[in-house]
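For reference, the structure is listed below as structure tokens.
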Amino acid sequence: LPAYAEEIVSVEMDSEQAEAYRYVEKPLVGAIKAMLRKNDRRLLGAMLNCLLCYPDYPFDWDQIGYYERGEGGGNGCWINVVTPPDIGKEIRPKEQQLLKIVKAERAARRQVWVYVQYTNKHDVLGRLAELCKEAGFRTGTLRASVLLPKREEWIARHAPGKDVILSHPQLVETGLDLFDKGGRHNFPTLVFYETGYNTFTLRQAARRAWRLAQTLPCKVFYLAYNKTMQERALTLMGKKIAASMAIEGQFTTEGLAAMAGEEGEIQMALARSLAEHIDEGDAKRAWSK
């Protein structure tokens with residue numbers, strides 16, 4: 001196998017982003033803190049998705065809240081915790097960082113595959129694809145509409161000649177190599193623009209280029225905004241993976257699959273980490289282990 005390197009890229013939000021993010025985060029922290037005392041998880045998923053996605057897509061959001069049932073079977077009501085503000089569609093610092101990476105890799109004649117978690121209502125993938133095209137990169141997008149049996153064929157047909165392709169990591173997490181043994185295409189550089197909090201998906205997707213017959217050194221970049229839920233998620237997953245490796249000595253497919261079932265555990269750890277203002281430390285230090 002060739003050389004393999006992972007790099008955590010921490011990015012500072014711009015002032016407008018940071019102000020809007022804190023506006024959204026504060027009431028969610030208060031609500032989650034109160035609900036966790038009662039082991040109430042109704043807001044958990046919405047809170048995590050909002051805080052993970054909002055810095056990357058700070059517009060077109062509905063209310064974030066939960067439905068409160070009425071006492072004694074009476075009519076319930078919707079509790080709005082926060083409505084994330086729209087702050088415009090200017091190019092943000094993490095987007096600039098991604099374009100910088102793609103530009104540098106293209107100059108080195110290396111293709112780049114970018115992983116994005118949010119591809120539906122808040123279509124971060126679509127936004128990034130447009131920004132890449134506007135920057136002059138030959139860009140492709142692999143969507144879930146391409147079924148698993150057709151994905152290898154799709155990659156063989158669309159990958160040659162592209163500078164960058166974007167997809168959700170689950171679409172390629174198992175069974176696909178991101179290079180052609182005949183040399184028609186090769187994506188030795190992978191970028192997790194968003195990581196989510198599923199360790200199985202992350203670790204499998206990170207190895208799609210680092211396979212037997214790969215001839216180039218492989219790089220994996222993990223991007224996250226500083227002092228946000230993105231950084232907390234990346235740090236917690238780094239700790240979890242490091243602990244598992246220390247116990248097991250190495251990863252197996254079965255061990256990774258078992259970790260996928262612990263996604264709810266990471267959700268709760270993230271919620272408590274935020275609500276209790278736990279300092280999780282530095283993501284780079286967690287991943288260096």
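The values are calculated or read from the model by the stated rules, or taken from the named source; none is laboratory data. Since we're looking at a predicted model, the values are computed, not measured. Using ideal geometry, Cβ is built from the backbone for each residue, glycine included, and neighbour counts are taken over all protein chains shown. SASA here: full protein model, heavy atoms, side chains in, ligands and nucleic acids out. Shrake-Rupley method; radii C 1.70, N 1.55, O 1.52, S 1.80 Å.
Quick one: in region 19-33, which of the residues that are out of contact with any helix residue (DSSP H, G or I) (no Cβ under 9 Å at 6 or more places or on another chain) and either under 13 Å from Ala224 (Cβ atoms) or not acidic (Asp, Glu) (or both) is most open to solvent (accessible area, probe 1.4 Å)?
In this case the residue turns out to be Lys26.
Name the residue that is modelled with the lowest pLDDT, counting only residues in region 269-289 that are closer than 25 Å to Leu44 by Cβ and of a type in the set (Gly, Ala, Ser).
Gly281
Collect the residues in region 213-235 that are part of a helix (DSSP H, G or I) and open to solvent by 10 Å² or more (accessible area, probe 1.4 Å), keeping them in residue-number order.
Once the filter is applied, which keeps residues that are part of a helix (DSSP H, G or I) and open to solvent by 10 Å² or more (accessible area, probe 1.4 Å), region 213-235 yields Gln230, Glu231, Arg232.
Residues checked against (1) in contact (Cβ under 8 Å) with a residue 60 or more places away in the chain; (2) among the polar types (S, T, N, Q); (3) surrounded by fewer than 17 Cβ atoms within 10 Å (Cβ to Cβ):
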site	(1), (2), (3)
Ile64	no, no, no
Pro84	yes, no, no
Arg109	no, no, yes
Trp113	yes, no, no
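Since Arg41 meets every condition but one in (1) of a type outside the set (S, T, N, Q); (2) within 17 Å of Ala275 (Cβ to Cβ); (3) out of contact with any helix residue (DSSP H, G or I) (no Cβ under 8 Å at 6 or more places or on another chain), which condition does it not meet?
(3)
Among (1) surrounded by 14 or more Cβ atoms within 10 Å (Cβ to Cβ); (2) under 17 Å from Lys94 (Cα atoms), there is one condition Glu7 misses while meeting the rest; what is its number?
(1)
Find all pairs meeting these conditions: Cβ atoms under 8 angstrom apart; at least six residues apart or on different chains; first residue within region 181-207 and under 17 Å from Leu142 (Cβ atoms); second residue of a type in the set (D, E, K, R) and at pLDDT below 90.
Filtered contacts from region 181-207: Thr201/Glu173; Gln204/Glu173; Ala205/Glu173.
Suppose we filter Asn75, Asn80, Asn39 for residues that are of a type in the set (S, T, N, Q), free of Cβ contacts under 8 Å to residues at least 40 places away in the same chain, within 23 Å of Ile266 (Cα to Cα) and open to solvent by 30 Å² or more (accessible area, probe 1.4 Å); which single one remains?
Result of the check over Asn75, Asn80, Asn39: Asn39.
Among the residues of region 199-215, are any of a type in the set (Lys, Arg), out of contact with any strand residue (DSSP E or B) (no Cβ under 9 Å at 6 or more places or on another chain) and at pLDDT below 95?
Checked against the condition, which is being of a type in the set (Lys, Arg), out of contact with any strand residue (DSSP E or B) (no Cβ under 9 Å at 6 or more places or on another chain) and at pLDDT below 95, region 199-215 yields at least one hit.
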